[in-house]
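Each reported figure results from applying straightforward, stated rules to the coordinates on display, with no laboratory input. As the structure is a computational prediction, the values presented were derived from the model and not from experiment. Cβ atoms come from the backbone with ideal geometry, glycine included; neighbour counts cover every protein chain shown.
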């Protein structure tokens, strides 16, 4: 995929989020950033679709996914610049001259490009990677000692981990984006927003009525239970990596998803997730958004634990 960028859009970096019980932290209650604009005419040169050569998402493949190898990808610029990756808006389209194609002709997707080791800003690898294993002992040693080779392996693990967790959760019916494909360190997934390329707002940006916020909390509880049922915690949950689209809550940013049983710190990550997200909902009038009750309920959902 072309690396050049078009018009810059809203940034979704959650680096500044702190839970409510952190000294000096403020919970954002209003949208303080401008809405994204529809896709502009400023784009990169198109490149051929890599769908045929990539690791593809789970079946059944949604009808909107463009699968024809003659499609081209047009990069419309960066949507989010985060700690470990950039997310771009990409249009995958089959040209009008192709008449014998099957499936969708056009779709708008999000492409998450994980940075190489020397350009990443995420320095908390160790805790999240506990419980993950690779088959070769040489690779395990390189990762544990953080050699240049090991850092590149870790970067690849983030992309593969997010693709795997999204695939698992999507197959279980959880509210996550559909993972279209994984190609190297690039993860292509369902774009959550309008067909014109306007991204859905983060939970931190919305000002829902009481009836709506109660429903959103119920949906959050459901998707976190789906995660726990699969044996995972989000690991970095905040109102900045939850989207709200057409009254639906969608969980995003899952590269650091933690194996609750395999990672010695797994339940501490779960506890922190519950505290962070309940702080936002409690501040918005959800009296029963209790982090201890949520944690206990999710813990009971984890397979293989004694009740």
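Judged by the ratio a/c of the largest to the smallest principal axis of the C-alpha gyration tensor, region 200-307 counts as prolate, that ratio being 1.5 or greater while a/b is larger than b/c. Our note on the geometry: Cα centres of region 43-65 and region 235-255, 23 Å apart. Reported to the nearest whole Å, the Cα centre-to-centre distance from region 173-225 to region 263-307 is 19. Estimated from the Cβ-Cβ distance and a Förster radius of 25 angstrom, the FRET efficiency linking residue 81 and residue 61 is about 0.25. Each of 158, 170 was scored by other Cβ atoms within 10 Å of its Cβ. Arranged with the fewest first, they read 170, 158.
Computed packing ranks the peptides 265-272, 179-186, 50-57, 232-239 as 232-239, 179-186, 265-272, 50-57, most packed first, by mean other Cβ atoms within 10 Å. Here the translational diffusion coefficient of region 152-210 follows from Stokes-Einstein with Rh set to the Kirkwood radius across Cα pairs; for 20 °C and 1.002 mPa s it amounts to 161 µm²/s.
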